[in-house]
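Asker: I'd like to ask you about the structure that follows.
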Amino acid sequence: MLSSSWLPAKDPSPRDSRSAVAMHRICPETPQQLRELFRYTGERLPVVSAHRGGAGPGYPENCIATFEHTLTKTFSLLEIDPRITKDGKVVVHHDATLDRTTTGTGKIAEKTLAELSQYRLKDVDGKVTDHSIPTLDEVLRWAKGKTVLVLDQKDVPLETRVETITKHQAESYAMLIVGNLDDVRACHAMNPDIMMEVMIPNHAKVDAFNATGVPWENVIAFLGHVPPSDSSLFDAVHQNGALTMIGTSRNLDREYFARGGGTDQSLRHDYRQLLQRGGDIIETDLPRDVGPLLYTPLVIPESKRSCLVIQPVEVP
(Lines give C-alpha, C1' and ligand atoms only; values in the text may rest on other atoms or scores of the structure.)
Protein backbone atom coordinates (compact mmCIF):
# COMPACT_ATOMS: atom_id res chain seq x y z
CA MET A 1 0.00 0.00 0.00
CA LEU A 2 1.27 3.45 -0.91
CA SER A 3 0.62 6.54 1.16
CA SER A 4 -2.18 8.82 0.06
CA SER A 5 0.33 11.38 -1.13
CA TRP A 6 0.29 9.24 -4.28
CA LEU A 7 -3.51 9.11 -4.50
CA PRO A 8 -5.10 10.93 -7.45
CA ALA A 9 -7.84 12.40 -5.30
CA LYS A 10 -8.75 12.29 -1.66
CA ASP A 11 -12.03 10.74 -0.58
CA PRO A 12 -14.24 13.07 1.40
CA SER A 13 -13.76 12.83 5.13
CA PRO A 14 -16.56 11.15 7.12
CA ARG A 15 -19.66 13.33 7.17
CA ASP A 16 -20.48 15.49 10.19
CA SER A 17 -24.27 15.26 9.76
CA ARG A 18 -26.60 12.57 8.50
CA SER A 19 -27.10 12.47 4.74
CA ALA A 20 -28.45 10.01 2.19
CA VAL A 21 -26.06 7.95 0.06
CA ALA A 22 -26.49 4.94 -2.20
CA MET A 23 -25.38 1.63 -0.71
CA HIS A 24 -24.34 -0.93 -3.33
CA ARG A 25 -25.54 -4.11 -1.62
CA ILE A 26 -24.50 -7.63 -2.60
CA CYS A 27 -27.20 -9.61 -0.86
CA PRO A 28 -27.67 -13.28 -1.74
CA GLU A 29 -29.82 -14.92 0.91
CA THR A 30 -28.70 -18.53 0.51
CA PRO A 31 -25.45 -20.34 -0.36
CA GLN A 32 -27.04 -21.46 -3.62
CA GLN A 33 -27.83 -17.85 -4.55
CA LEU A 34 -24.20 -16.92 -3.85
CA ARG A 35 -22.98 -19.72 -6.10
CA GLU A 36 -25.44 -18.65 -8.79
CA LEU A 37 -24.31 -15.02 -8.53
CA PHE A 38 -20.73 -16.06 -9.25
CA ARG A 39 -21.54 -18.63 -11.92
CA TYR A 40 -20.06 -17.72 -15.28
CA THR A 41 -22.77 -16.78 -17.79
CA GLY A 42 -20.87 -14.45 -20.11
CA GLU A 43 -22.71 -11.44 -18.66
CA ARG A 44 -20.58 -8.66 -17.22
CA LEU A 45 -20.81 -8.61 -13.42
CA PRO A 46 -20.26 -5.01 -12.17
CA VAL A 47 -18.34 -6.03 -9.05
CA VAL A 48 -14.76 -5.44 -7.87
CA SER A 49 -12.93 -6.94 -4.90
CA ALA A 50 -11.58 -4.45 -2.33
CA HIS A 51 -8.14 -5.53 -1.11
CA ARG A 52 -8.13 -5.04 2.70
CA GLY A 53 -11.47 -3.30 2.26
CA GLY A 54 -10.17 -0.37 0.21
CA ALA A 55 -8.25 1.97 2.54
CA GLY A 56 -7.87 5.70 1.88
CA PRO A 57 -7.45 9.03 3.64
CA GLY A 58 -9.60 8.92 6.78
CA TYR A 59 -10.42 5.26 6.18
CA PRO A 60 -8.08 2.59 7.61
CA GLU A 61 -7.69 -0.83 6.04
CA ASN A 62 -9.70 -3.71 7.56
CA CYS A 63 -12.16 -1.30 9.18
CA ILE A 64 -15.98 -1.40 9.12
CA ALA A 65 -16.26 2.35 8.42
CA THR A 66 -14.02 1.84 5.39
CA PHE A 67 -16.10 -1.10 4.20
CA GLU A 68 -19.24 1.02 4.37
CA HIS A 69 -17.59 3.86 2.48
CA THR A 70 -16.43 1.49 -0.27
CA LEU A 71 -19.99 0.25 -0.76
CA THR A 72 -21.26 3.80 -1.29
CA LYS A 73 -19.18 3.93 -4.50
CA THR A 74 -19.38 0.46 -6.06
CA PHE A 75 -20.49 -3.14 -5.70
CA SER A 76 -17.54 -4.79 -4.02
CA LEU A 77 -16.41 -7.95 -2.35
CA LEU A 78 -14.32 -7.17 0.71
CA GLU A 79 -11.06 -9.07 1.09
CA ILE A 80 -10.12 -9.08 4.79
CA ASP A 81 -7.42 -10.51 7.02
CA PRO A 82 -8.18 -12.51 10.18
CA ARG A 83 -5.60 -12.81 12.96
CA ILE A 84 -5.60 -14.71 16.26
CA THR A 85 -5.04 -12.90 19.57
CA LYS A 86 -3.20 -14.16 22.64
CA ASP A 87 -6.50 -15.24 24.20
CA GLY A 88 -7.69 -17.10 21.10
CA LYS A 89 -10.04 -14.48 19.66
CA VAL A 90 -10.07 -13.67 15.94
CA VAL A 91 -9.67 -10.03 14.90
CA VAL A 92 -9.42 -8.44 11.45
CA HIS A 93 -6.00 -6.91 10.78
CA HIS A 94 -3.51 -7.41 7.97
CA ASP A 95 -0.07 -7.24 9.58
CA ALA A 96 1.18 -9.64 12.23
CA THR A 97 2.28 -6.54 14.15
CA LEU A 98 0.43 -3.41 15.25
CA ASP A 99 3.03 -0.76 14.46
CA ARG A 100 2.16 0.27 10.89
CA THR A 101 -1.61 0.67 11.13
CA THR A 102 -2.46 1.28 14.81
CA THR A 103 -1.40 3.31 17.83
CA GLY A 104 -0.06 0.11 19.39
CA THR A 105 3.20 -1.78 19.03
CA GLY A 106 4.16 -5.43 19.07
CA LYS A 107 2.56 -8.61 17.79
CA ILE A 108 -1.18 -9.24 17.72
CA ALA A 109 -0.54 -12.82 18.82
CA GLU A 110 0.99 -11.48 22.03
CA LYS A 111 -1.98 -9.21 22.91
CA THR A 112 -5.36 -10.05 24.38
CA LEU A 113 -8.54 -8.76 22.78
CA ALA A 114 -8.99 -6.35 25.70
CA GLU A 115 -5.50 -4.95 25.12
CA LEU A 116 -6.13 -4.54 21.38
CA SER A 117 -9.37 -2.65 22.01
CA GLN A 118 -7.36 0.20 23.55
CA TYR A 119 -5.58 1.00 20.26
CA ARG A 120 -6.87 3.12 17.39
CA LEU A 121 -6.44 2.49 13.68
CA LYS A 122 -4.38 4.76 11.42
CA ASP A 123 -5.34 5.65 7.86
CA VAL A 124 -3.02 5.40 4.82
CA ASP A 125 -1.33 8.68 5.80
CA GLY A 126 -0.58 7.37 9.28
CA LYS A 127 -3.21 9.66 10.81
CA VAL A 128 -4.96 8.32 13.90
CA THR A 129 -8.72 7.77 13.55
CA ASP A 130 -11.45 7.01 16.08
CA HIS A 131 -11.74 3.42 14.81
CA SER A 132 -10.51 0.31 16.60
CA ILE A 133 -9.58 -3.17 15.40
CA PRO A 134 -12.80 -5.12 14.74
CA THR A 135 -13.31 -8.75 15.61
CA LEU A 136 -14.22 -11.18 12.87
CA ASP A 137 -17.53 -11.81 14.65
CA GLU A 138 -18.33 -8.08 14.48
CA VAL A 139 -17.50 -7.92 10.78
CA LEU A 140 -19.59 -10.98 9.98
CA ARG A 141 -22.58 -9.55 11.84
CA TRP A 142 -22.18 -6.24 10.00
CA ALA A 143 -21.75 -7.78 6.52
CA LYS A 144 -24.99 -9.78 6.31
CA GLY A 145 -27.19 -8.35 3.57
CA LYS A 146 -24.52 -5.81 2.53
CA THR A 147 -21.62 -7.56 0.85
CA VAL A 148 -19.57 -10.73 0.50
CA LEU A 149 -16.48 -11.09 2.68
CA VAL A 150 -13.41 -12.92 1.39
CA LEU A 151 -11.37 -14.17 4.35
CA ASP A 152 -7.63 -14.59 3.82
CA GLN A 153 -5.80 -17.12 5.99
CA LYS A 154 -2.89 -15.34 7.71
CA ASP A 155 -2.33 -17.20 11.01
CA VAL A 156 -5.89 -18.52 11.40
CA PRO A 157 -6.25 -22.26 10.74
CA LEU A 158 -8.66 -23.38 8.04
CA GLU A 159 -10.75 -25.21 10.61
CA THR A 160 -11.25 -22.03 12.65
CA ARG A 161 -12.32 -20.01 9.63
CA VAL A 162 -14.77 -22.72 8.54
CA GLU A 163 -16.17 -23.02 12.08
CA THR A 164 -16.65 -19.26 12.32
CA ILE A 165 -18.56 -19.02 9.04
CA THR A 166 -20.64 -22.03 10.02
CA LYS A 167 -21.42 -20.56 13.46
CA HIS A 168 -22.70 -17.34 11.90
CA GLN A 169 -24.55 -19.20 9.14
CA ALA A 170 -22.64 -16.89 6.82
CA GLU A 171 -22.24 -19.26 3.87
CA SER A 172 -24.29 -16.88 1.72
CA TYR A 173 -22.01 -13.90 2.36
CA ALA A 174 -18.54 -15.12 3.36
CA MET A 175 -15.90 -16.95 1.33
CA LEU A 176 -12.44 -18.27 2.11
CA ILE A 177 -9.13 -17.80 0.33
CA VAL A 178 -7.69 -21.31 0.28
CA GLY A 179 -4.02 -21.73 -0.50
CA ASN A 180 -3.66 -25.33 -1.62
CA LEU A 181 -5.81 -28.09 -3.04
CA ASP A 182 -5.58 -30.27 0.08
CA ASP A 183 -7.24 -27.43 1.97
CA VAL A 184 -9.80 -27.05 -0.83
CA ARG A 185 -10.82 -30.67 -0.28
CA ALA A 186 -10.79 -30.26 3.50
CA CYS A 187 -12.91 -27.10 3.40
CA HIS A 188 -15.48 -28.72 1.14
CA ALA A 189 -15.62 -31.80 3.36
CA MET A 190 -16.19 -29.69 6.49
CA ASN A 191 -18.86 -27.49 4.92
CA PRO A 192 -19.80 -27.97 1.25
CA ASP A 193 -21.78 -24.71 1.25
CA ILE A 194 -18.69 -22.52 1.64
CA MET A 195 -17.34 -20.87 -1.51
CA MET A 196 -13.61 -20.40 -1.96
CA GLU A 197 -11.18 -18.19 -3.85
CA VAL A 198 -8.50 -20.52 -5.21
CA MET A 199 -5.26 -19.68 -6.99
CA ILE A 200 -5.38 -21.26 -10.46
CA PRO A 201 -2.52 -19.70 -12.47
CA ASN A 202 -2.14 -22.29 -15.24
CA HIS A 203 -3.74 -25.24 -17.03
CA ALA A 204 -1.95 -27.75 -14.80
CA LYS A 205 -3.77 -26.26 -11.82
CA VAL A 206 -7.08 -26.50 -13.70
CA ASP A 207 -6.46 -30.21 -14.17
CA ALA A 208 -5.39 -30.61 -10.55
CA PHE A 209 -8.52 -28.84 -9.35
CA ASN A 210 -10.66 -31.14 -11.48
CA ALA A 211 -9.06 -34.09 -9.67
CA THR A 212 -10.20 -32.80 -6.26
CA GLY A 213 -13.85 -33.59 -6.98
CA VAL A 214 -14.89 -30.21 -5.56
CA PRO A 215 -17.52 -28.55 -7.80
CA TRP A 216 -16.37 -25.55 -9.81
CA GLU A 217 -19.50 -23.73 -8.66
CA ASN A 218 -17.82 -23.51 -5.25
CA VAL A 219 -14.91 -21.36 -6.44
CA ILE A 220 -13.76 -18.13 -7.98
CA ALA A 221 -10.43 -18.73 -9.74
CA PHE A 222 -7.72 -16.19 -8.89
CA LEU A 223 -5.41 -16.23 -11.92
CA GLY A 224 -2.73 -14.01 -10.41
CA HIS A 225 -1.50 -10.44 -10.07
CA VAL A 226 -0.20 -10.58 -13.63
CA PRO A 227 -2.82 -11.69 -16.17
CA PRO A 228 -1.87 -14.93 -17.92
CA SER A 229 -0.35 -14.54 -21.36
CA ASP A 230 -2.28 -17.60 -22.51
CA SER A 231 -5.87 -16.43 -22.96
CA SER A 232 -7.05 -20.02 -23.14
CA LEU A 233 -6.72 -20.20 -19.33
CA PHE A 234 -9.64 -17.79 -19.01
CA ASP A 235 -11.59 -19.99 -21.39
CA ALA A 236 -10.75 -23.15 -19.44
CA VAL A 237 -12.09 -21.67 -16.20
CA HIS A 238 -15.18 -20.27 -17.92
CA GLN A 239 -15.94 -23.59 -19.59
CA ASN A 240 -16.15 -25.07 -16.10
CA GLY A 241 -18.69 -22.40 -15.11
CA ALA A 242 -16.47 -20.36 -12.75
CA LEU A 243 -15.47 -16.69 -12.72
CA THR A 244 -11.90 -15.44 -12.91
CA MET A 245 -10.22 -12.79 -10.74
CA ILE A 246 -7.12 -10.70 -11.51
CA GLY A 247 -5.22 -8.58 -8.95
CA THR A 248 -4.07 -5.06 -9.84
CA SER A 249 -2.67 -3.85 -6.50
CA ARG A 250 0.90 -4.60 -7.59
CA ASN A 251 0.74 -3.11 -11.08
CA LEU A 252 -2.12 -1.05 -12.55
CA ASP A 253 -3.07 0.49 -9.20
CA ARG A 254 0.48 1.82 -8.89
CA GLU A 255 0.26 3.26 -12.41
CA TYR A 256 -3.02 4.87 -11.39
CA PHE A 257 -1.19 6.64 -8.56
CA ALA A 258 1.65 7.69 -10.81
CA ARG A 259 -0.51 9.01 -13.65
CA GLY A 260 -2.91 10.96 -11.46
CA GLY A 261 -6.18 9.08 -11.59
CA GLY A 262 -9.26 8.15 -13.49
CA THR A 263 -9.36 11.03 -15.98
CA ASP A 264 -6.63 9.29 -17.98
CA GLN A 265 -8.39 7.40 -20.77
CA SER A 266 -5.40 5.08 -21.21
CA LEU A 267 -5.89 3.91 -17.62
CA ARG A 268 -9.55 3.20 -18.25
CA HIS A 269 -8.45 1.22 -21.31
CA ASP A 270 -5.83 -0.73 -19.32
CA TYR A 271 -8.27 -1.81 -16.61
CA ARG A 272 -11.01 -2.64 -19.10
CA GLN A 273 -8.53 -4.60 -21.18
CA LEU A 274 -8.31 -7.09 -18.30
CA LEU A 275 -12.05 -7.65 -18.60
CA GLN A 276 -11.89 -7.95 -22.37
CA ARG A 277 -9.20 -10.62 -22.07
CA GLY A 278 -11.45 -12.73 -19.86
CA GLY A 279 -11.14 -11.35 -16.33
CA ASP A 280 -14.43 -11.17 -14.46
CA ILE A 281 -13.51 -9.52 -11.13
CA ILE A 282 -10.60 -7.17 -10.44
CA GLU A 283 -9.10 -7.17 -6.96
CA THR A 284 -7.81 -3.68 -6.24
CA ASP A 285 -6.52 -1.38 -3.52
CA LEU A 286 -8.66 1.35 -5.14
CA PRO A 287 -12.21 -0.04 -5.32
CA ARG A 288 -13.88 3.38 -5.03
CA ASP A 289 -11.95 4.59 -8.09
CA VAL A 290 -11.75 1.40 -10.14
CA GLY A 291 -15.39 0.35 -9.72
CA PRO A 292 -16.82 3.51 -11.35
CA LEU A 293 -13.95 3.52 -13.87
CA LEU A 294 -14.97 0.06 -15.09
CA TYR A 295 -18.73 0.16 -14.64
CA THR A 296 -20.01 3.57 -15.72
CA PRO A 297 -22.70 3.45 -16.94
CA LEU A 298 -23.70 0.81 -14.41
CA VAL A 299 -25.47 -2.16 -15.97
CA ILE A 300 -26.73 -4.98 -13.74
CA PRO A 301 -27.61 -8.16 -15.64
CA GLU A 302 -31.26 -9.11 -15.28
CA SER A 303 -30.32 -12.51 -13.85
CA LYS A 304 -28.26 -10.87 -11.06
CA ARG A 305 -30.62 -8.08 -9.97
CA SER A 306 -32.03 -9.90 -6.95
CA CYS A 307 -28.51 -10.03 -5.46
CA LEU A 308 -27.13 -6.65 -6.60
CA VAL A 309 -29.25 -3.85 -5.15
CA ILE A 310 -28.63 -0.12 -4.87
CA GLN A 311 -30.38 1.18 -1.77
CA PRO A 312 -30.45 4.73 -0.34
CA VAL A 313 -29.28 4.78 3.28
CA GLU A 314 -28.47 7.46 5.85
CA VAL A 315 -24.94 7.70 7.14
CA PRO A 316 -23.47 9.85 9.89
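Asker: Given the Cα-Cα distance of ASP130 and ASP99 and 0.36 nm per residue of separation, how much length would full extension add, in nm?
Answerer: 9.5 nm
Asker: Now a separate question. Return the lysines within reach of LYS111: Cα separation strictly under 17 angstrom, same-chain partners fewer than 8 residues apart disregarded; answer none if there are no such residues.
Answerer: By straight Cα distance, LYS111 reaches LYS86, LYS89, LYS154.
Asker: Right, here's the next one. Roughly speaking, what is the stretch gain from ARG120 to ILE310, that is 0.36 nm per residue apart minus the C-alpha to C-alpha distance, in nm to one decimal?
Answerer: 65.3 nm
Asker: Also: Under a Cβ-Cβ cut-off of 12 Å, what is the net charge of the residues other than GLY145 that fall near it, where Lys and Arg count +1 and Asp and Glu count -1?
Answerer: Here the count lands on +3.
Asker: Measure off, as a whole percent, the carbon and sulfur share of the 1.4 Å-probe accessible area of the range 60-152, all protein chains present.
Answerer: 45 percent
Asker: While we're here: For LYS107 and THR160 in the same chain, what is the full-extension length gain: residue separation times 0.36 nm, less their Cα-Cα distance, in nm?
Answerer: 17.1 nm
Asker: Need one value: the accessible area of SER231 in square angstrom, 1.4 angstrom probe, rounded to the nearest 10.
Answerer: The accessible area comes out at roughly 70 Å².
Asker: I would also like to ask the following. How much of LYS167 can a 1.4 Å solvent probe reach, expressed as accessible area in Å² and rounded to 10?
Answerer: Roughly 130 Å² of LYS167 is accessible to a 1.4 Å probe.
Asker: Using only protein heavy atoms and a 1.4 Å probe, report how much of LYS146 is accessible, in Å² to the nearest 10.
Answerer: Its heavy atoms expose roughly 60 Å² to the probe.
Asker: How big is D, in µm² s⁻¹, for the range 125-252 by Stokes-Einstein at 10 °C and 1.306 mPa s if Rh is the Kirkwood radius over C-alpha pairs?
Answerer: After rounding, the answer is 100 µm²/s.
Asker: For the range 193-215 and the range 244-290, what is the centre-to-centre distance using only Cα atoms, to the nearest Å?
Answerer: Comparing the Cα centres of the range 193-215 and the range 244-290, I get a distance of 25 Å.
Asker: State, to one decimal in nm, how far the label point of THR212 lies from the label point of LYS89, with both points 7 Å from Cα in the Cβ direction.
Answerer: About 3.2 nm separates the two model spin labels.
The values are calculated or read from the model by the stated rules, or taken from the named source; none is laboratory data. As the structure is a computational prediction, the values presented were derived from the model and not from experiment. Because the Cβ atoms are built from the backbone with ideal geometry, glycine has one as well, and the counts that use them run over all protein chains shown. Just so you know, the surface numbers come from the protein's heavy atoms only, side chains and all, with ligands and any DNA or RNA stripped out. Shrake-Rupley method; radii C 1.70, N 1.55, O 1.52, S 1.80 Å.
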